[in-house]
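The values are calculated or read from the model by the stated rules, or taken from the named source; none is laboratory data. What you are looking at is a predicted structure, and each value in this text was computed from that prediction instead of being measured. No Cβ is skipped: glycine too gets one built from the backbone with ideal geometry, and neighbour counts run over all protein chains shown.
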Amino acid sequence: MPCIVYSELDSVSVGIGNALIGIGEFEKSAAFGKLPDALHFTSGSVGADMIAVRTPLIEAEYLDRINADVLVFLSRHSSEKGVPSFTVHATGNWSGEAKLGGKPGELSVAAPLYMRAVLYALSTTNNDAAMTVTYEATHHGPLLNTPSLFVEIEKNSYTKERAETVANAVVAAMRNIESMQVAIGIGGMHYSQKFTALALSGKYAFGHIMSKYYIDNTDMLIKAAERSEPKATKAVIEWKSINSIKRTNVLDALEKAGIQYEKA
């Protein structure tokens with residue numbers, strides 16, 4: 001069963017969680033045996049559990065213990081430019097650093113069909129012209145073997161109404177997981193508008209997305225395809241965002257891994 005997670009240390013996370021309790025008709029339930037300190041809710045209408053944890057979400061590796069089918073994290077998003085947005089992304093670290101949880105050079109198992117379902121539901125339920133709906137490139141912890149995704153509201157643009165938009169989108173997504181081809185995204189900026197558009201059109205569900213800033217780490221591309229449930233069968237490259245030399249390195253790595261590609 002899917003498990004939705006919010007943190008009592010994050011006011012945005014709590015706000016979305018509280019909205020979801022009402023919208024999804026979640027009821028308080030007995031605690032998970034392996035997480036006795038976490039509040040536990042369940043919803044028959046949504047077909048999901050929900051827990052409130054007392055740690056930062058980026059440090060929640062212990063959630064592998066509960067054996068959920070997928071973990072959906074409700075979180076604030078921190079943007080340097082404060083861009084009002086709803087964001088969806090997988091977790092992991094492309095580089096040799098792990099400043100925000102996880103481990104250097106390691107990727108969690110992505111949940112591309114759930115990510116696409118939430119992204120699509122956000123795009124159809126969002127009536128707020130000020131808010132952008134977008135994939136983000138893979139970043140930060142926790143590092144998990146359970147398929148997982150983060151669903152976020154930019155922290156400075158949080159309102160109760162926007163929390164309800166996310167809650168409605170999560171409920172809609174849980175009821176409408178569509179099967180489609182899974183891809184990894186390569187190139188572009190941290191906010192992946194081209195990959196977002198492809199996903200919303202129904203062409204691909206993206207798992208891990210590597211922005212152009214980490215394009216030299218081609219040794220991680222096969223890991224990106226495999227650390228996904230379902231696994232990625234294709235790579236989509238934002239072609240013009242990568243120079244010709246780096247593109248050649250990417251194509252060589254994809255060929256060695258047996259992964260076909262498409263230009264975007």
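Scanning the stretch 176-199 for residues that are surrounded by fewer than 17 Cβ atoms within 10 Å (Cβ to Cβ) and either over 17 Å from Ala110 (Cβ atoms) or of a type in the set (Val, Ile, Thr) (or both) gives Asn176, Ile177, Met189, Gln193, Ala197.
Counting only strands (runs of 3 or more DSSP E) that fall entirely inside the stretch 28-116 and contain at least 1 residues that are under 22 Å from Glu164 (Cβ atoms), under 19 Å from the mean Cα position of the chain (by Cα) and modelled with pLDDT of 95 or more, the qualifying elements are 48-53, 71-77, 85-89. I'd like to verify a number: residues in the stretch 189-218 that are part of a helix (DSSP H, G or I), free of Cβ contacts under 8 Å to residues at least 40 places away in the same chain and touching a helix residue (DSSP H, G or I) at 6+ places or on another chain (Cβ under 7 Å), how many? Of the residues in the stretch 189-218, 2 are part of a helix (DSSP H, G or I), free of Cβ contacts under 8 Å to residues at least 40 places away in the same chain and touching a helix residue (DSSP H, G or I) at 6+ places or on another chain (Cβ under 7 Å). Residue-level check: of (1) crowded, with 24+ Cβ neighbours inside 10 Å; (2) farther than 23 Å from Ile186 by Cα, Ala90 misses just (2).
Is it fair to say Leu20 is closer than 21 Å to Ala111 by Cα, part of a helix (DSSP H, G or I) and at pLDDT 95 or above? In short, yes. Of everything in the stretch 9-40 that is in contact with a helix residue (DSSP H, G or I) (Cβ under 6 Å, 6 or more places away or on another chain) and more than 19 Å from Pro147 (Cβ to Cβ), the residue that is surrounded by the fewest Cβ atoms within 10 Å (Cβ to Cβ) is Ile23.
For the stretch 242-254, give me each residue that is touching a strand residue (DSSP E or B) at 6+ places or on another chain (Cβ under 9 Å) and either surrounded by fewer than 16 Cβ atoms within 10 Å (Cβ to Cβ) or of a type outside the set (Val, Ile, Thr) (or both). Matches in the stretch 242-254: Arg247, Leu251, Leu254.
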